[in-house]
Amino acid sequence: APSGSLLATAGAMRAAGLLLAWALLHPAATQQCHPASPGGVLRFTDRHAEIRVPALHRVPSSLDPLYGLVRRCLDLIQQNPLPTELLRTALNDPGSVRTSQVVQYELGYVVCAAVALLFTVAVPVAGMCFCYCRSRRRCGGRLRAHRRSLGCRRRCLLACLSFTSLIILISVTCAFVTSQRVKGQMQPGLGAVPSTLRTLRQHLANVPQGVQMVVDKFEVPRKQIISDLGGKRRAERHPELPPGMDEVLTGRRCLAGLSRSVGLSIHAQLKAMTYAALADLQDRAGDLQTSLHHLQILDRTARTLAAARAELEPALRERRRRVVALLDDPRCTSCASVLGRAQSLELGADYGKVPSVEKVLKALAGLPRSDFAEMIRQGNGTFNSIPELAVERMVQVIQDLRGDLAHTAEKVQSIADGFPLPDYTRPVSEALLKAEDRSQPYLREAERFERYRWIAGTVLCSIILLILACNVTGMALGAYGLSKREDPSDYECRGEAGAKFLLVGVGLAFLFSWLLILLVFATFLVGGNIQTLVCRNWVNQEIYKFIDTPGNLPPSMNLTRHLNLRRDSNLSSVYRECKSGSGLWEVLQLDRSYDLDEHLKTPKYTADFQKRLGDFTANLGDVRLLRSEG
């Protein structure tokens, strides 16, 4: 602060200088930098959401009542629950399984097998009896004379045969449709097994990528911090700045870099006081210059008057002496009253008593005259350059902060690099791969047997259609022959042909119906056991409880050990979590082995950076607003 003898001006300048120095040197004069916009929220997408385990669903159709009827029939035939004891014995010691246990569990199917066996034996026997009877010409095939009672009997038989043929036609149509749908659903069902296993292995392989995705999200705040540490300067016009300033240094603090933000905070706190002090200083300087001019005139006038008095005083003394001598002459009458006044005649103005202003003029001798306004403008420019000065003086601080931030990024990356995922997922992946390889032969066999089933079913249904065609043709020829009784020869020919078609249909029925019933029973036995033993217990999760119970499965089939699940985990909970959409991290309970939340705690990686950020000092050095003469 400048010093001088002018109390008002010197006091104001000294107070302004001390306040500026205190504001620059004391941390209590800093200002908090608040974000101009709400903090961003990191969004984590579902990693590899497009990889889904295929879910197969049967499309509803008009045959659903038929399927429901079959399921109710199966529930009636097989009412026993899951045979846990029998399955445990069969899996651990197959040689000790007793046939009576199997028969007791499969009692409903044993009854169906007995019916199928009876039908299989009875139909060929009946067919042979019919052939023997026909060879004796006693089982139909002969034309009889027309009578009223015979006509009624023929119409009754025609109606019964037509109704039977209609039932057969509907049944064969349903058989064709269901067989085709079974074939259409079997193919994607068999393909879904390896596809599901491959999808699970892909999810396991993508767990490290998910961890890396979490780590990569640190790049978002890191870039924001780097932007805040060394962002571009933002400036805009401001009406409070002096004319000629091209930018405002108080706009949108804390968005143009840390160092510049510090400078802007200092500038914002001091600008009102500093601008007012410099403006007042300029006004006081103008007043001082005016006062100096007046004092100089006063000094020159005092000196001129003193010199004129010095010249006037000897002449006045001579004049007074002469007047006194004249008035003191005896010849002068009536002069006595004026003599006293003449003797006291002297100069009335004593300019020597005027106070000297030399000391004041010496004190104001250094007051700038022509360039004082330029000096104030330069002072404003120096004050407005504080943000740039902060940027220049805090280069090393910013570099140190960036170095700490880079070190923090390396620490965060170490999470993904040091994640011991293979120790937990390799056994599961190997088990899934082994299951996929072992399932291929069984799937191929299932596909081959399904193809044979479809061919056999199609052939037998075609034979039934052939039988149905023979029946329809026989009935049509017989009815046509009965309607043309005018020509006996033609009547007998058509009737004979109709009878032969009906006999061919009967012969084919006896010949192939037992094969059809065997196919139906074989399909019913295999499919029914799959429905009642696997599907039904899969839905009510009894099969998972059986697998989770210790001792039910042999060591070679211990899924919990093959999938590397924890001992307190079970397949039922794993299935429920997978079905509800939980991630493999929760399903495999990896958080118990590797606490990811603990490794992702922010203070663990940002403590050093936050400490340096909270403890750094910005030393701007000497900031001089005025030159020494100012």
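The values are calculated or read from the model by the stated rules, or taken from the named source; none is laboratory data. These numbers come from a predicted model, not from an experiment. FYI the Cβ positions are ideal-geometry reconstructions off the backbone, even for glycines, and counts take in every protein chain you see. Heavy atoms of the whole protein, side chains included, go into the accessibility calculation; ligands, DNA and RNA do not. Shrake-Rupley method; radii C 1.70, N 1.55, O 1.52, S 1.80 Å.
Of note:
- Estimated at the nearest 10 Å², the accessible area of Arg612 is 100 Å² with a 1.4 Å probe.
- Out-of-range pairs (alpha-carbon distance over 26 Å; input Lys579/Lys601; Lys223/Lys601; Lys223/Lys604; Lys545/Lys579; Lys223/Lys411; Lys271/Lys362): Lys579/Lys601; Lys271/Lys362
- Karplus-derived HN-Hα couplings along the range 267-275 (A = 6.51, B = -1.76, C = 1.60, θ = phi - 60°), whole Hz, x at Gly and Pro: 4, 5, 6, 9, 5, 4, 5, 5, 4
- Counting only Cα atoms, the size of the range 253-393 along its three principal axes is 107, 22, 17 Å, in decreasing order.
- Listed peptides 332-340, 528-536 by packing density, highest first (mean Cβ within 10 Å): 528-536, 332-340
- Those GluC sites (Glu not before Pro) in the range 317-410 that DSSP places in a loop and that have at most 10 other beta carbons within 10 Å: Glu346
- Electrostatic dipole magnitude of the range 253-393 [Cβ: Lys, Arg +1; Asp, Glu -1; Cα centre; debye, to 20]: 220 debye
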